[in-house]
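The values are calculated or read from the model by the stated rules, or taken from the named source; none is laboratory data. Values in this document were obtained by computation on a predicted structure and should not be read as measured data. Heads up, the Cβs are rebuilt from the backbone with ideal geometry, glycines too, and the neighbour counts pull from every protein chain shown. For the accessible areas, the whole protein counts, side chains as well, though only heavy atoms, and no ligand, DNA or RNA atoms are used. Shrake-Rupley method; radii C 1.70, N 1.55, O 1.52, S 1.80 Å.
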Amino acid sequence: MNSMAIRYGDDIVVVDAGMMFPEAELLGVDIVTPDFAYLVEHKEKVRALLLTHGHEDHIGGIPFLLSALNVPIYGTAFTLALVERRLDEHEMTKEATLNTVKPGDKITIGPFQIEFIRVTHSIVSSVALAITTPLGVIIHTGDFKVDPTPTDNELFDLHTLAEYGKRGVLLLLSDSTNVDRSGYTESERAVRPRFEDIFNRAERRVIITCFSSSIHRLQQILDVAAEYGRKVAFLGRSMNSVTEIAHNFGLLHIPDNILLRPQDIMSSLPAKVCVVVSGTQGEPMSAMSRVAVDSHKSLSVERGDTVVLSSRIIPGNEKAIYRMMDHVARRGAQLVYGSMNPPVHVSGHASVEELKLVLNLVRPRFFVPVHGEYRQLSKHAMLASHLRHLGLEDTFVMETGDSLEIDKKGARKGPRIAVGRVCIDSGSLDDIVDDVVIRDRRHLSEDGFVLPIIAINKHSGKTEGVPEIVSRGFVSMDDNAEMMKEARQVVLRTVENSNTEERTDRGVMQEKIRADLKRFLVKQTSRRPFIMPVILDV
Ligand SMILES: [Zn+2]
Ligand SMILES: [Zn+2]
């Protein structure tokens, strides 16, 4: 989850604190964050949290870190605005000390001097860190690609990186995400011809889903929409708040009179409308998923509309995304997605040639590939082998919990640090659970389990009979007959309030039933039983 600590003597600085969304097997867990136990244990030594950029996998864990130890945070203005948005959700903004830095700034924290170096990535205002320590310089690239033509014209500061390289760098940590891709990653600008083509051909609405943090992408959509005389509406909570933040910081230029209110989408001339919607990964409750099945109040897909997926398909989400696309196709929309030339989406991470460029400019004594799966880290480590003739002494492929010790004599792996993941229920700080197994066990032992069982006709989507509810270790069914009767109605209502496509989608229905029943049972009993909806296809 992209969090690391650098310690010299009694001083520690932390780089990034991310989070991830759980895999499907972590049933009922909403968020996974790093285990900050090491930092809590050394609380009095932790001086700062340094941020490279504002993606969730780098800042999402901050509320949970700050709830354990209050540490000053340093980042660019846009990154910190996204952090503030997260902290607001937990009503923690007041306690946090946020220090804005600009690329090129140098700050001193304890024995560390830190310079923020501009890099290019899929989110604007990204930086690499050059951390000068008494032993030498550590360069952390953060996430990057070398985009020669970023839409905001803010270039990757390769000069500064090269200057550090010339003076000598002790350790390089570099992004390994796209080490499997040869050549160069395309510039953000490469999508523009594709968008122009889409807008040129579209006779009705253009509906685009992309990541709300892709400011480069949004800028190009706005520009092309203006060129083709279309108004633009933003749908989805994150889409609206992130575009507002970017606009306030002057990072997103919104042409005059281009914005369209969501409530006016369906009454406007379809040929004059572009809608940008969040929910690229088919998340069941996202705006795009709801649009795809006509359950969004502002937008429905109609025959002849063009629907564009301008984002990558994160492995694991294929099923949900393709299901969403099927719903859209069934409504007669034209679909644009996948790889094509010119591209409809470009990656934010460096391919092999860019990785080599950074390695060659920095020429470190030690190298640690970061940000990737083990196979990618080891491939990236191999990629650096030509530098062995140019001063590279060693590379280390590090896994979560590994430590690297560097002193005057050299570098070696140090003792492992106990780390795990922290699973959090419903995103609340009070809901931290130690580990998923313990969580399940605790739920079962303290609050029991509840098994709502409902039969749904997989063709008509109609419910067959009344839902049954089986429970163990929760409450006495006899003493709570009234409540359980009501619980059955809750399940029935959830199904009835869903449309046919949702009803025939087992995953969506399980999630909806779980959420509604959980809310009802927690309210009634203040207990949180383990809820596992069973849907019988008949
Ligand atoms: Zn990342
Ligand atoms: Zn990133």
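Label separation (M483 vs K319): 3.3 nm, computed from points 7 Å beyond Cα along the C-beta direction.
With the gyration tensor restricted to C-alpha atoms of the stretch 293-341, the semi-axes of the equivalent ellipsoid amount to 19, 14, 9 Å, longest first. The charge dipole of the stretch 447-538, taken about its Cα centre with unit charges on the Cβ of Lys, Arg, Asp and Glu (plus for the first two, minus for the last two), comes to roughly 220 debye. By DSSP, the beta bridges lying fully in the chain are antiparallel in about 50 percent of cases. Per-atom-type breakdown for the chain gives carbon and sulfur 49% of the accessible area (1.4 Å probe, protein chains only). Here is the tail figure for the stretch 1-153: Cα pairs spaced more than 19 Å apart come to 53 percent of all pairs.
Could you work out the helix-only [θ] at 222 nm for the chain, with each DSSP H run of four or more residues adding -39,500 (n - 2.57) and the total divided by the number of residues, to the nearest 500 deg cm²/dmol? Taken over the chain, the calculation gives -9000 deg cm²/dmol.
Under a model in which nothing but the beta-carbon of Lys, Arg (+1) and Asp, Glu (-1) is charged, the stretch 59-128 shows a dipole of about 220 debye around its Cα centre. Given the options L392, S182, A287, identify the residue whose Cα lies farthest towards the positive end of the charge dipole of the chain (+1 on Cβ of Lys, Arg; -1 on Cβ of Asp, Glu). Result: S182, furthest along the dipole toward the positive end. Here nothing in the chain passes the span test, since no DSSP H helix has an alpha carbon length of 30 Å or more along the helix axis and a Kyte-Doolittle mean of 0.0 or above.
How big is the dipole moment of the stretch 224-327 about its Cα centre under a simple scheme where the beta carbon of each Lys and Arg is +1, that of each Asp and Glu is -1, and everything else is neutral? Debye, nearest 20, please. Roughly 100 debye, rounded to the nearest 20.
Viscosity 1.306 mPa s, temperature 10 °C: give me the Stokes-Einstein translational D for the chain in µm²/s, with Rh taken as the Kirkwood radius over C-alpha pairs. Roughly 63 µm²/s, to the nearest whole number.
Ordering N360, P34, L49 by Cα displacement along the dipole of the chain toward the positive end leaves N360 in first place; charges were set at the Cβ atoms of Lys, Arg (+1) and Asp, Glu (-1). Using Cα centres only, tell me the gap between the stretch 109-140 and the stretch 206-275 in whole Å. The stretch 109-140 and the stretch 206-275 have Cα centres separated by 33 Å.
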